[in-house]
Amino acid sequence: MAVTTGDTRIPFIAGNWKMNLDHLQSIAFVQKLAWTLRDANHDFGDVEVAVFPPFTDLRSVQTLVTADDLQIRFGGQDLSAHDSGAYTGEISGAFLAALDAAYVIIGHSERRQYHGETDELISEKVAAAHRHGIVPVICVGETAEDLEEHGPSAVPVAQLRTALEGAVRGQEIVVAYEPVWAIGSGQAATSAQAQQVCAALRELLVEVLGDEAAAATRILYGGSVKAANIAGFLKEPDVDGALVGGASLQLEEFASIVRFKSHVGTL
Ligand code: PEP
């Protein structure tokens, strides 16, 4: 799927379900989301939509998407840095690719915080995603302490710099800027704060990947996104979409976030 039309990056709204919804619930949810967006005449070429269900749901979601020829895309919430072998509990990028997963979230702050994931491991996971033709959604973001100590951009930029060491040049990546203090807190960054860091991340992309790749790479904002604030983020020049946690589990709210263009003018 194209990520740009002309010089414009296609906005991308991604729903990270985290550890919510089992495989039966995932089928009902994706089906209802598809109906809701169809009834609203949503154009998926205009705003791309993806969901990130738990691993155990992926086969069900794939079957539904294929059978009903849906344009909703899907991905994993993590993957192993390894391709196969004695790694109990791990999921290979090869398995995700076999299920047609287009994307995989890598380095979410909850994995960094609760599973001890380091920048180096995240870089290896980016390499694993690219080995299997899956687009990594690379999450970066500062904690409240980082913000106090280093200012807004230093930590996310350093995290992305290391993550990019694993990226294959010429293959697509998505970057998600998620300030840890904004995740699940109800206290989103302001759109100006998001723009400031996303612009710094794009500068790094220019330095590492070059102008063309940087201009084509989508940078998402994540952290307490809801229907009431999405349009403000998307009017910023370096914010190309959102990674949505809690609100991605509320059908009407998520569909409204996807349809953010219809809120422009209501700000
Ligand atoms: C997330 O976990 O990626 C996230 C952005 O969560 P929330 O939208 O609930 O803040």
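Every read-out reported here was derived from the displayed coordinates using simple, explicitly stated rules and does not represent laboratory data. Here the structure is a predicted model, which means the values were calculated and not measured. Every residue, glycine as well, gets a Cβ built from its backbone with ideal geometry; the counts of neighbours run over all protein chains shown.
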Going by average Cβ density within 10 Å per residue, which order do the peptides 82-91, 17-26 take, highest to lowest? 17-26, 82-91
Counting only pairs 8 or more residues apart or on different chains, how many lysine pairs in the chain have their Cα atoms under 17 Å apart? 4
Can I get the semi-axes of the stretch 1-153's equivalent ellipsoid? Compute them from the C-alpha gyration tensor as square roots of 5 times the eigenvalues, in angstrom, largest first. 27, 21, 16
Projected label distance in nm at residue 22 and residue 187, using a 7 Å step from Cα toward the beta-carbon: 3.7
Apply the a/c threshold of 1.5 to the C-alpha gyration tensor of the stretch 186-267 and tell me whether it is rounded, prolate or oblate. prolate
Ordering of 212-220, 59-67 by burial proxy (mean other Cβ atoms within 10 Å per residue, highest first): 212-220, 59-67
Shape category assigned to the chain from the gyration tensor of Cα positions, a/c cut at 1.5: rounded
Over the chain, what is the relative contact order in percent, taking alpha-carbon pairs closer than 8 angstrom and at least six residues apart? 19
Extension gain (nm, one decimal) between residue 206 and residue 67, 0.36 nm per residue minus Cα-Cα: 46.0 nm
Select from 170, 250, 150 the residue farthest towards the positive end of the dipole of the chain; place +1 on Cβ of Lys and Arg, -1 on Cβ of Asp and Glu, and compute about the Cα centre. 250
Inter-label distance, nm, simple model (7 Å from Cα along the C-beta direction), residue 154/residue 102: 3.8
If you stretched the chain out fully between residue 41 and residue 115, how much longer would it get, using 0.36 nm times the residue separation minus the C-alpha to C-alpha distance? 22.6 nm
